[in-house]
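Notes for the one structure printed next.
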Amino acid sequence: MNTTSVEKIIALSRDLRWQIGDEFHDNLAEGIYADASEIAMGSVSSDNSKKRFRLDAKIDKIVTSKAWGFPIMILILGVVLWITIIGANYPSSMLADLLLENFHPFLKGLAASIGMPWWLDGFLIDGVYLAVAWVIAVMLPPMAIFFPMFTLLEDFGYLPRVAFNLDYLFKKSGAHGKQALTMSMGFGCNAAGVVATRIIDSPRERLIAIITNNFSLCNGRWPTQILIATIFIGAVVPASISGLASLSAVISIAILGIFFMFVVSWALSKTVLKGEVSTFNLELPPYRPPRFWKTVYTSIIDRTLIVLWRAILFAAPAGAVIWLISNIYIGDLSIASWTITSLDGFGFLLGLNGVILLAYIVAIPANEIVIPTILMLTVMATGIAGGDGVGVMFELDSAGETATILKAGGWTLLTAVNLMLFSLLHNPCSTTIYTIYKETKSVKWTVFASVLPVIMGFVLTFLVAQIWRIVF
Amino acid sequence: MTTYNPVYALLIFVAISTVIYLIFRPVKGWFWVIKNNLSFNEKTVIEDILKQLYHFENSGKEANIKSLTGVLKFKDHLIIDVINLMTINKLIYFEGDVLRLTNTGRDYSLRIVRVHRLWEKYLAEKTGIDKAEWHDRAEFMEHKLSQEETNSLASQLGNPVYDPHGDPIPTTSGKVAKVKGVALSSLAVNSIGKITHIEDEPDVIYKQIIAENIHIGSQIRVVENSPERIIFYAEGEEFKLAPIVAANLTVAPLDKTIMVEENTIRLSSLKENETAKIVGISKESRGERRRRLLDLGFVKGTQISIDLMSPLQNPTAYLVKGTSIALRKDQASKILIKKDESHGK
């Protein structure tokens, strides 16, 4: 064929395209879908599906009803969180007892008996080992309790109904109803919450859910909140209601987190994320009895251990860094002391102090070691008695002793309030940052998700500090 | 910290945030204004003039310098300088005081129109950008894309014939399909037609059309046409428009002998305990969203009914092919159904 006839054919095909119009492709595709469904209707028969469906419909009528939908939801989430926080205390203290009180001195003794030099012993045992042990003791029990319970609810089929109930609220802020689930998952662990956003198949809503997951107060932060609230908030009210006061302070912080989640979701969907494709749909699968042991097994393997492993990988070098900065001296001060002094000014502006800021920098790998690091650094910076030695993280059995150390470090009620706010609004832990990168495959969104909450934290604590100082 | 004072600190903070806001606030921020001004050059002005002349020519009107300076947002002296330059380059010529496109000029203008409409199609199919923003973004992009980029964009989109508003997209060889139909405002009472085009300029009127939830491709029946208002039925809903708004809708009249699906309504108006059959998905549902609905089984002929209402009334779960699928109200309004005669189960 010569070129002119080829061109003729191409021109003819173009003309024909005009004639069939632009609905042709759609009509063809829809015709195929319709034909397929007709064939299926004619050849597939289903029996007794109606009967099973009736029970489902009954449950659905209750859990999505106007009167019961929301109370049931709040109750279930409340119970799950309560069991997690209370239930995790016992195994956590057992693990802490084993790994920190017994195994740590044993390792020290072993090192001494084989004549290990002090710096290697400090670096490995006081630094790396202690950080890893701490993360395991604090992190493992709540996750091992929370994730199986959550997965059971998921397996039963209740969670899609929660998304269904709440979708309208999330729609208002440009997000997907399923973000309710990833947010709740974030109360257990943000890294797991970020992984859970896979259930959101609309690209824009998924990014929103990933970026805002950090506003869910995770298991690593609940203990910090509770401890600080008990020491400082509980102390300003009469003893009879101190428990109640500190509890409501912690809950307010969690609710504030939910509030920020909505606001930031809304802002994101109006600005940087408005170009992303958004498709909404939500399948409400039939209920089924959860496969208990299988669920428990997979949730421990898939969620708990993977997250724990990542946390350990990041905690080990953090432990090393904490020990090193407190033991390497420049001039007559350690690196830690230098940093604390230089951060003190900025920290004061935020109603915090240099110790807290440094603790949050070195504890990026895991929020669990923030309090031990703060205690260690405070003892070091103030030179008061206490603790287990330079660069060795520790925690105290009673809140009272902790309070003594913190107050010696110059802490006030403002410091405590702002620490609680900053604990809510700061960068995600490195495990979560790494998970965000794995899920989004984008450096841009990873950096964005990491920096945004820190900036918000700085602004909020700054404002609170200034207004506090003007008022009081 | 001897000079520290919380009041000053707050004032400095407020000052800094105000400056950041002024620089980066959307659209009017200094940063964006400067960025846009830097990208405004002679090429932009030439291309905008060509495009305007093309639109004048297309609508059968004549353009002179006065009418051009009226529609373009550039400074008058700049427009006159550029027009002089364009006559020298033989893109346009004067016939008396009327400006006309040369053949080269028309080809050039068609290329710009092609990029503009392709970009609107791209935004509609591949992104989640709101339709109110399509036009302005396309205005910006039409000066940016090279011919190769345009062609690869076109083939990526499957060489579309019409843009999402129903305007034809010129081909590489400069062919333009015709929009069938007349302005809605000129339709007589009781005439039946199909919306084939929604004009997106001026902005104010287009936003009203969007707010009314009028969908392209829907069949309409005019029930009232007076100088004050035009009332028509489409997809089971009643719409009232001012004639100036209605003039921006193009309707292709349908022969009454053709079977007209009069009782086609939107899924969003289905009530509990009613059943219906799906007729199709509106053309307003595009790209990924449309395919998702088809994948889920919202195809022609499928039986559909309401399964559950959420406590906040939105979304609603529909029972399709034995599966319960929740859709939001705006999605349900883009699925067309025909109610079954016998109500209830």
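At a glance:
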item: Selection count, region B:21-42, where residues are surrounded by 12 or more Cβ atoms within 10 Å (Cβ to Cβ) and within 13 Å of chain A (Cβ to nearest Cβ); result: 3
item: Yes/no for residue A:78 being surrounded by fewer than 23 Cβ atoms within 10 Å (Cβ to Cβ) and among the small types (Gly, Ala, Ser); result: yes
item: Residue check, residue A:392 out of contact with any Cys (no Cβ under 8 Å at 6 or more places or on another chain), within 27 Å of residue A:464 (Cβ to Cβ) and either surrounded by fewer than 23 Cβ atoms within 10 Å (Cβ to Cβ) or in contact (Cβ under 8 Å) with a residue 12 or more places away in the chain (or both); result: no
item: Residue check, residue B:175 in a loop (DSSP other than H, G, I, E, B), basic (Lys, Arg), without any contact (Cβ under 8 Å) to a residue 24 or more places away in the chain and surrounded by 13 or more Cβ atoms within 10 Å (Cβ to Cβ); result: yes
item: Given (1) within 30 Å of residue B:264 (Cβ to Cβ); (2) away from chain A (no Cβ under 14 Å); (3) without any contact (Cβ under 8 Å) to a residue 12 or more places away in the chain; (4) not β-branched (Val, Ile, Thr), number of the condition residue B:152 does not satisfy; result: (1)
item: Among the residues listed as B:188, B:132, the single one being under 29 Å from residue B:225 (Cβ atoms) and in a loop (DSSP other than H, G, I, E, B); result: B:188
item: Condition met for residue A:180 (among the small types (Gly, Ala, Ser), assigned to a helix (DSSP H, G or I) and without any contact (Cβ under 8 Å) to a residue 40 or more places away in the chain); result: yes
item: Tally, over region B:224-241, of residues that are surrounded by fewer than 13 Cβ atoms within 10 Å (Cβ to Cβ) and of a type outside the set (D, E, K, R); result: 2
item: Residue list for region B:251-271, restricted to those being of a type in the set (D, E, K, R), at pLDDT 85 or above and assigned to a loop (DSSP other than H, G, I, E, B); result: B:271
item: Total residues in region A:183-208, condition at the interface with another protein chain (Cβ under 10 Å from one of its Cβ atoms) and in a helix (DSSP H, G or I); result: 3
item: Tally of residues being surrounded by 12 or more Cβ atoms within 10 Å (Cβ to Cβ) and either in contact with a strand residue (DSSP E or B) (Cβ under 7 Å, 6 or more places away or on another chain) or in contact (Cβ under 8 Å) with a residue 12 or more places away in the chain (or both) across region B:44-103; result: 37
item: Answer residue from region A:14-65, given it is more than 30 Å from residue B:197 (Cα to Cα), in a loop (DSSP other than H, G, I, E, B) and modelled with pLDDT under 85 and is nearest to the other protein chains (Cβ to nearest Cβ) among those; result: A:46
item: Number of positions in region A:231-273 that are touching a residue at least 12 places away in the same chain (Cβ under 8 Å) and within 14 Å of another protein chain (Cβ to nearest Cβ); result: 5
item: Residues satisfying the stated conditions in region B:4-20, i.e. within 42 Å of the chain's Cα centre (by Cα) and either of a type in the set (A, V, I, L, M, F, W, C) or surrounded by 11 or more Cβ atoms within 10 Å (Cβ to Cβ) (or both); result: B:13, B:14, B:15, B:16, B:17, B:19, B:20
item: Residue under evaluation residue B:74, criteria (1) within 27 Å of the chain's Cα centre (by Cα); (2) assigned to a helix (DSSP H, G or I); (3) not basic (Lys, Arg), criterion not met; result: (2)
item: Residue selected from region A:279-320 under the condition farther than 23 Å from residue A:435 by Cβ and of a type in the set (D, E, K, R), by the criterion nearest to the other protein chains (Cβ to nearest Cβ); result: A:283
item: Given (1) in contact (Cβ under 8 Å) with a residue 24 or more places away in the chain; (2) under 14 Å from residue A:206 (Cα atoms), number of the condition residue A:442 does not satisfy; result: (1)
item: Helices (runs of 4 or more DSSP H) contained in region A:291-408 and holding at least 3 residues closer than 26 Å to residue A:99 by Cβ; result: A:306-327, A:354-362, A:370-382, A:399-408
item: Failed criterion for residue B:3 (all others in (1) under 30 Å from residue B:170 (Cβ atoms); (2) at pLDDT below 85 hold); result: (1)
item: Qualifying residues in region A:123-165 (those that are in contact (Cβ under 8 Å) with a residue 40 or more places away in the chain and among the charged types (D, E, K, R)) - the one surrounded by the fewest Cβ atoms within 10 Å (Cβ to Cβ); result: A:155
item: Positions within region B:77-100 being of a type outside the set (Val, Ile, Thr) and assigned to a strand (DSSP E or B), in sequence order; result: B:93, B:94, B:95, B:99, B:100
item: Residue A:241 β-branched (Val, Ile, Thr), in a helix (DSSP H, G or I) and within 17 Å of the chain's Cα centre (by Cα); result: no
item: Residue list for region B:163-185, filter: within 24 Å of residue B:231 (Cβ to Cβ) and facing another protein chain (nearest Cβ under 10 Å); result: B:166, B:180
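Okay, residues lined up against (1) more than 30 Å from residue A:324 (Cβ to Cβ); (2) modelled with pLDDT under 90:
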site	(1), (2)
A:132	no, yes
A:136	no, yes
A:141	no, yes
A:144	yes, yes
A:147	yes, yes
A:151	yes, yes
A:171	yes, yes
A:179	yes, no
A:186	yes, no
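The values are calculated or read from the model by the stated rules, or taken from the named source; none is laboratory data. Here the structure is a predicted model, which is why all the values come from computation and not from measurement. Cβ sites come from the backbone with ideal geometry, for glycine too, and all protein chains shown count toward neighbours.
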